[in-house]
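Chemist: Would you mind keeping the following structure in view while I ask a few things?
The values are calculated or read from the model by the stated rules, or taken from the named source; none is laboratory data. Since the model is a prediction, treat every value here as computed from it, not as a measurement. Virtual Cβ from ideal backbone geometry, glycine too; neighbours counted across all protein chains shown.
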């Protein structure tokens, strides 16, 4: 693990590694494997000059002996403190820490800018899929309109299993068995993990600060097998989607389960994969997909960041803009109602919806003895109006269970 | 068009533009739209300081007055001569010219390296899909095993129409009507355009020189509606695929129509889109997709390159490796035979195939009066063996028409 001298005469490029868990260990192995090739391209050999774990190493010494710090500890503290200290001493840093970036991003960006150092974090979102770099660099001259992302592989795996007929509990158990979900899966299934990643992507795409707390999120725990079946019937797929988009002069960022039309580029993303679609008038749309996590994939993204710093291919972040965050946006909705099978029920429901300017695109009504199921898809409507309409409908005496809504994303391009 | 002074006091970043056709004009418009934003991020305002067309401008003057040349003329000469002259005078260059890069890439790379200047060409492959940058930078530390690409939107559009029942002639006429195909479509439908792009991607992925002439290509003109129908029956999609991969200690690069299993990431790419899948043990696989062409999309990729040069985010190319180019590789094949419906025909065919070590994975035989159709899919076999086997089968007196073969790509990941 300790410093290996550079082979080609020149001094080695010294990397201080903070954290030696799954990703840290995979990074050390990958670096060792690729050091020859990196030296061939860049003339400098990257070596790990020090490792900090809970039980070993001294941060100050590691910092003093490194050209670059790689932070793979996770969590906000002491990772934040270490990264700030490194940048203040003029060192470039690479991190894979989505919690930290989504909660303390502005402080980190500001410090990087002030000290003229690079802060890279490709691995914080979508693993080896180079969405961070593409937004920061390839598309830096492109006015981005919208990002839709499947940025949590655990929930995408669970929803894929559910669409094949598994219950939520069965799918979650299978995900845990395969190592795709933690023993406590709440960060993934609640949508919070995806919200952190969308906060980071929104910051990159629109240049305005977005904190995790600014991102409303809804998870997948409440989805029913019924809804999956109706989705199939309507020709729709069900995914946990993160959206970051320009709306009404500001920016809206949110995470929610969504029904996607079959032609949407994210509709075909199955299993524990991640995918991000970037829309812009100038480029129409670009989609990038790949495995969302895994120690070696994440390590590969981290190593790409290290090489970009070695080759001077990164720059300090630009100063932030200040765009308002818009909360109440328009969506189309799927609405599921269990109702008594009386004459006039459909008329009462559609009238209530109409009073809130919710207009219906399609309806399926199905009798079930004394009851009936109404499944509707609406035209796009402001979410506050939809909530008010659903509240009014829920109060009808003929409604037999709590109405369920899921947002619908329609194909807008091609 | 002429030089606009920089607004924020500092000197402007002067761009000499060679070529003012569809892409050149779109680039000038996009640059104008984005100049404020680029200046905000980089402190320097990009301006077009001179334009060379067939009828106006003087190359030497434009070169002398520019910080960077953008070449959007197309064709090999005089584009090659101009880019070499610019780099020899120490200027960075951006080009969208796939012909030039696939035929004179090594001379251009060598000149860039010798003079320490940047040579960027994102727009030469897959339009706004940032595959060049991702290979050059994000994945520069990743040992790439294979690239599969749909890198010609014209042929993908035609094949999409054919899979919906159109004949080749109908689909081509429709593509021409929509502006997706040229009046003379031979460069696209022959596979030559895709071969040029794959030569460029292979050079980036594997670091070894690959010339357009090194890339065997086969087009889509000879594909039958029959084959599309059988493909559907077998659950396969038919695409024009470019492959660049490590094989037998060397590199194989080729373009060919291929049947893809439904789960392959490229199987769902329809219409005039491009997509590239990069496979590596360290990253599993990453897929990037988007519109393949269009003036504004291409201009957007060119502008991304310009910004990368302004921000110092690119470096001169590395010296080449020298890996052998492997021609005779293994593929699975679809084989279509029209035969007389006699007893013993299937036995004779399978025996002939077996003698060349071609082993059959699946067979569909269908009687048609006195004749029958045999449609087979083989296990992977060296292409030279398959050719020899098909030659032997074609000589049987009971074979009624020339046998047709199409390569098959099986799902290898997930």
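Chemist: (1) within 14 Å of another protein chain (Cβ to nearest Cβ); (2) part of a helix (DSSP H, G or I): which one isn't true of residue B:143, the others all being true?
Modeler: (2)
Chemist: Being facing chain B (nearest Cβ under 10 Å) and either surrounded by 16 or more Cβ atoms within 10 Å (Cβ to Cβ) or modelled with pLDDT of 95 or more (or both) is the filter here; which residues of region A:38-58 pass it?
Modeler: Scanning region A:38-58 gives A:38, A:41, A:42, A:46.
Chemist: Count, please, the residues in region A:14-37 that happen to be in contact with a helix residue (DSSP H, G or I) (Cβ under 9 Å, 6 or more places away or on another chain), within 14 Å of another protein chain (Cβ to nearest Cβ) and loosely packed, with under 15 Cβ neighbours inside 10 Å.
Modeler: Of the residues in region A:14-37, 1 are in contact with a helix residue (DSSP H, G or I) (Cβ under 9 Å, 6 or more places away or on another chain), within 14 Å of another protein chain (Cβ to nearest Cβ) and loosely packed, with under 15 Cβ neighbours inside 10 Å.
Chemist: Next up: Just to be sure, is residue B:255 closer than 14 Å to residue B:201 by Cβ, surrounded by fewer than 24 Cβ atoms within 10 Å (Cβ to Cβ) and more than 14 Å from chain A (Cβ to nearest Cβ)?
Modeler: No, not satisfied.
Chemist: Check off (1) touching a residue at least 60 places away in the same chain (Cβ under 8 Å); (2) crowded, with 24+ Cβ neighbours inside 10 Å for residue B:261 and give me the number that stays unchecked.
Modeler: It is condition (2) that residue B:261 fails.
Chemist: Would you pick out the residues in region B:279-301 that are touching a strand residue (DSSP E or B) at 6+ places or on another chain (Cβ under 6 Å) and either without any contact (Cβ under 8 Å) to a residue 40 or more places away in the chain or assigned to a helix (DSSP H, G or I) (or both)? Give the derivation first.
Modeler: Here is the first cut: in region B:279-301, the residues touching a strand residue (DSSP E or B) at 6+ places or on another chain (Cβ under 6 Å) are B:279, B:284-292, B:297.
Correct list: B:287, B:297.
Chemist: Consider residue B:268 carefully, then state whether it is facing another protein chain (nearest Cβ under 10 Å), within 28 Å of residue A:127 (Cβ to Cβ) and under 18 Å from the mean Cα position of the chain (by Cα).
Modeler: Details: facing another protein chain (nearest Cβ under 10 Å): yes; within 28 Å of residue A:127 (Cβ to Cβ): yes; under 18 Å from the mean Cα position of the chain (by Cα): yes.
Spelling it out, residue B:268 is indeed facing another protein chain (nearest Cβ under 10 Å), within 28 Å of residue A:127 (Cβ to Cβ) and under 18 Å from the mean Cα position of the chain (by Cα).
Chemist: Please go through region A:150-165 and pick out each residue that is within 14 Å of chain B (Cβ to nearest Cβ) and out of contact with any helix residue (DSSP H, G or I) (no Cβ under 6 Å at 6 or more places or on another chain).
Modeler: Once the filter is applied, which keeps residues that are within 14 Å of chain B (Cβ to nearest Cβ) and out of contact with any helix residue (DSSP H, G or I) (no Cβ under 6 Å at 6 or more places or on another chain), region A:150-165 yields A:153, A:156, A:160, A:164.
Chemist: Residues being more than 13 Å from residue B:94 (Cβ to Cβ) and either more than 7 Å from every other protein chain (Cβ to nearest Cβ) or modelled with pLDDT of 90 or more (or both): count how many of those fall in region B:298-321.
Modeler: Matching residues across region B:298-321 total 5.
Chemist: Since residue B:246 meets every condition but one in (1) closer than 25 Å to residue B:136 by Cβ; (2) part of a helix (DSSP H, G or I); (3) over 11 Å from the mean Cα position of the chain (by Cα), which condition does it not meet?
Modeler: (2)
Chemist: Can you name the condition, by its number, that residue A:228 falls short on among (1) buried (at least 19 other Cβ atoms within 10 Å of the Cβ); (2) within 13 Å of another protein chain (Cβ to nearest Cβ); (3) farther than 20 Å from residue A:96 by Cβ?
Modeler: Among (1) buried (at least 19 other Cβ atoms within 10 Å of the Cβ); (2) within 13 Å of another protein chain (Cβ to nearest Cβ); (3) farther than 20 Å from residue A:96 by Cβ, residue A:228 violates only (2).
Chemist: Considering region A:315-364 alone, what residues qualify as being in a loop (DSSP other than H, G, I, E, B), without any contact (Cβ under 8 Å) to a residue 60 or more places away in the chain and either at negative phi or under 30 Å from the mean Cα position of the chain (by Cα) (or both)?
Modeler: Answer for region A:315-364, where residues must be in a loop (DSSP other than H, G, I, E, B), without any contact (Cβ under 8 Å) to a residue 60 or more places away in the chain and either at negative phi or under 30 Å from the mean Cα position of the chain (by Cα) (or both): A:328, A:341, A:342, A:343, A:356, A:358, A:359.
Chemist: Assuming residue A:355 fulfils every condition listed in (1) at pLDDT 90 or above; (2) crowded, with 22+ Cβ neighbours inside 10 Å apart from one, which condition is it?
Modeler: (2)
Chemist: Scan A:90, A:74 and give me the residue that is surrounded by fewer than 20 Cβ atoms within 10 Å (Cβ to Cβ), at pLDDT below 95, assigned to a loop (DSSP other than H, G, I, E, B) and more than 14 Å from every other protein chain (Cβ to nearest Cβ).
Modeler: A:74
Chemist: Working only within region B:390-414, note down all residues that are over 30 Å from the mean Cα position of the chain (by Cα) and either surrounded by 13 or more Cβ atoms within 10 Å (Cβ to Cβ) or within 30 Å of residue A:269 (Cβ to Cβ) (or both).
Modeler: Correct list: B:392, B:393, B:394, B:396, B:398, B:399, B:400.
Chemist: Which of (1) more than 10 Å from chain B (Cβ to nearest Cβ); (2) surrounded by fewer than 21 Cβ atoms within 10 Å (Cβ to Cβ); (3) over 30 Å from residue A:365 (Cβ atoms) is the odd one out, the single condition residue A:345 does not satisfy?
Modeler: Status for residue A:345: all satisfied but (3).
Chemist: Separate question: In region A:114-171, which residue that is out of contact with any strand residue (DSSP E or B) (no Cβ under 9 Å at 6 or more places or on another chain) and outside the structural domain of residue A:190 (by TED's automatic domain parsing) is farthest from residue A:305 (Cα to Cα)?
Modeler: A:114
Chemist: Let me ask another. Being at pLDDT below 95 and away from chain A (no Cβ under 14 Å) is true for just one of B:168, B:82. Which residue is that?
Modeler: On the way: B:82 fails: at pLDDT below 95.
Just a single option satisfies the conditions, and that option is B:168.
Chemist: Ok, one more. Just for region A:282-296: of the residues that are more than 8 Å from chain B (Cβ to nearest Cβ) and closer than 25 Å to residue A:138 by Cβ, which one is surrounded by the most Cβ atoms within 10 Å (Cβ to Cβ)?
Modeler: A:292
Chemist: Collect the residues in region B:272-296 that are under 26 Å from residue B:17 (Cβ atoms) and at pLDDT below 90, keeping them in residue-number order.
Modeler: Of everything in region B:272-296, those that are under 26 Å from residue B:17 (Cβ atoms) and at pLDDT below 90 turn out to be B:291, B:292, B:293, B:294, B:295, B:296.
Chemist: Report yes if some residue within region B:237-250 is at pLDDT below 90 and farther than 23 Å from residue B:215 by Cα; otherwise report no.
Modeler: Yes: one or more hits.
Chemist: If we scan region B:189-207, do we find a residue that is outside the structural domain of residue B:109 (by TED's automatic domain parsing), part of a loop (DSSP other than H, G, I, E, B) and under 13 Å from the mean Cα position of the chain (by Cα)?
Modeler: Checked against the condition, which is being outside the structural domain of residue B:109 (by TED's automatic domain parsing), part of a loop (DSSP other than H, G, I, E, B) and under 13 Å from the mean Cα position of the chain (by Cα), region B:189-207 yields at least one hit.
Chemist: Now, a different point. Before we move on, is residue A:236 touching a strand residue (DSSP E or B) at 6+ places or on another chain (Cβ under 8 Å), assigned by TED's automatic domain parsing to the domain that holds residue A:141 and farther than 30 Å from residue B:136 by Cα? Please lay out each step first, then the result.
Modeler: Details: touching a strand residue (DSSP E or B) at 6+ places or on another chain (Cβ under 8 Å): yes; assigned by TED's automatic domain parsing to the domain that holds residue A:141: yes; farther than 30 Å from residue B:136 by Cα: yes.
The answer is yes for residue A:236.
Chemist: Oh, and also: Across region B:106-140, what is the total count of residues that are over 20 Å from the mean Cα position of the chain (by Cα), within 13 Å of another protein chain (Cβ to nearest Cβ) and closer than 30 Å to residue B:26 by Cβ?
Modeler: Step one: list which residues in region B:106-140 are over 20 Å from the mean Cα position of the chain (by Cα), which gives B:107, B:110-118.
Among the residues that remain, those that are also within 13 Å of another protein chain (Cβ to nearest Cβ) are: B:113, B:116, B:118.
Next, only the ones that are closer than 30 Å to residue B:26 by Cβ stay: B:118.
Residues meeting the conditions: 1.
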